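What follows is a short report on a single structure.
Bear in mind that the values in this text are calculations on the coordinates, not laboratory data. Owing to the predicted nature of the structure, the values given are computational and were not obtained by experimental measurement. In this analysis, Cβ positions are derived from the backbone assuming ideal geometry, glycine residues included, and neighbour counts consider all displayed protein chains.
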Amino acid sequence: MKILSSLGSFLLLSALSPAAFAQEKWKGVDESIIEKFAQDRGRISTEPFISVEGDMLLFLFALAGAIGGFIVGYYWHKLFVSGKKEQDK
Amino acid sequence: MKKRFSVLLFLVLAAPHPALAMHIAEGLLPLEVAVFWGALTLPFLAFGIYSITRKKKESPNYMPLLGIFGAAVFVFSCLPIPIPGVGATAHPAGTGFSAIMIGPFPTVVVAFISLLLQGMFLAHGGLTTLGANTFSMGVMGAFAGFFAFKFSRLFRFNLFWSGFMAGMFANFFTYLGTSFALASGLHGTEPFLSEVAALFALLAPYTVALALLEGAITGGILVYVNKNRPDILRKMRILPPREVETK
């Protein structure tokens, strides 16, 4: 549990660190390496199927994280909290 | 402690950052190459769906496990982790722990659904590259993690280190798969394997840091499950009955 807690703290600090918000510096691997690799070989990416930008993209990522987190938490509780209590009875 | 961890986990999962990571973006692969990777992924996907329906009937715990690890794969692959030293972000895949807990074939289905949602709504990956991305994350990641776990158990690694190896290899092979997929479409007149090596060499610094992190998370999850619901590991045949609760 301590390991998981420490990892959670690390992830949180990494995700929320001011450096992580500096868009220019903290580009994703797909942009800084994969797309650059393709570009060097004459291939550029096209617009995504649904082009989402700016705060709308932030909103969708937040929503996806919240829904995903809720599903993980719901089933986690079902198996490891209430499921464990039933098993202990 | 549990409450503190839950709060941390919630904050991490809900932290809104667009994830720009290792998936191949829309349009980067020529159409015939994209179709090839899609066709290669299809049998794994079909057997994954069959495997889920079979396991669902076998165990009442299977659906909650599928819910946890399916959603976790989606969330993990949306989570950009800043890699210190290289100044960029990359995301874990989560297919290592998923392959152990719900099986490698069902993990292909879970990865496919995650990548489909990301490609459609989150401008992450793409629809034409869905087959290639599913093959690297779902097939290569899941099977590498699954076999790494099995081999580690064979060599008598304890549960944490077996999980660690699974997470590490799943991540490593996901990035290797991405290198294969991209090089297959873009190598031109250059030798295919040298292009794979060139791309993987560029991705390696990210892979090392992420693989270690993913290994620790996978090992930690397995130890947690063994402590709290060892019966799941026994019923899902993840560990033989004699080894459950003794690790």
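Here are the numbers for this structure:
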| read-out | value |
| --- | --- |
| Mean separation of Cα contacts under 8 Å (6+ apart) over length of chain B, as relative contact order % | 21 percent |
| Entries of A:K85/B:K55; B:K56/B:K227; B:K55/B:K150; B:K57/B:K227; A:K84/B:K150; A:K84/B:K235 with Cα pairs more than 22 Å apart | A:K85/B:K55; B:K56/B:K227; B:K57/B:K227; A:K84/B:K150 |
| ³J(HN,Hα), Karplus 6.51/-1.76/1.60, whole Hz, each residue of region B:28-39, x for Gly, Pro | 6, 9, x, 4, 5, 6, 4, 5, 4, 5, x, 5 |
| Mean ellipticity per residue at 222 nm, deg cm²/dmol - from DSSP H runs of n ≥ 4 across chain B, formula -39500 (n - 2.57) | -23000 deg cm²/dmol |
| Gain upon complete extension [B:K235, B:A204; 0.36 nm per residue less C-alpha separation] | 7.4 nm |
| Difference of contour (0.36 nm per residue) and Cα-Cα distance, A:S51 to A:K85 | 7.6 nm |
| Alpha carbon centroid spacing (whole Å) that separates region B:70-113 from region B:136-151 | 12 Å |
| DSSP-loop trypsin sites (Lys or Arg not before Pro) across region B:105-202, with at most 10 other Cβ within 10 angstrom | B:R156 |
| Alpha carbon centroid spacing (whole Å) that separates region A:42-89 from region B:171-198 | 30 Å |
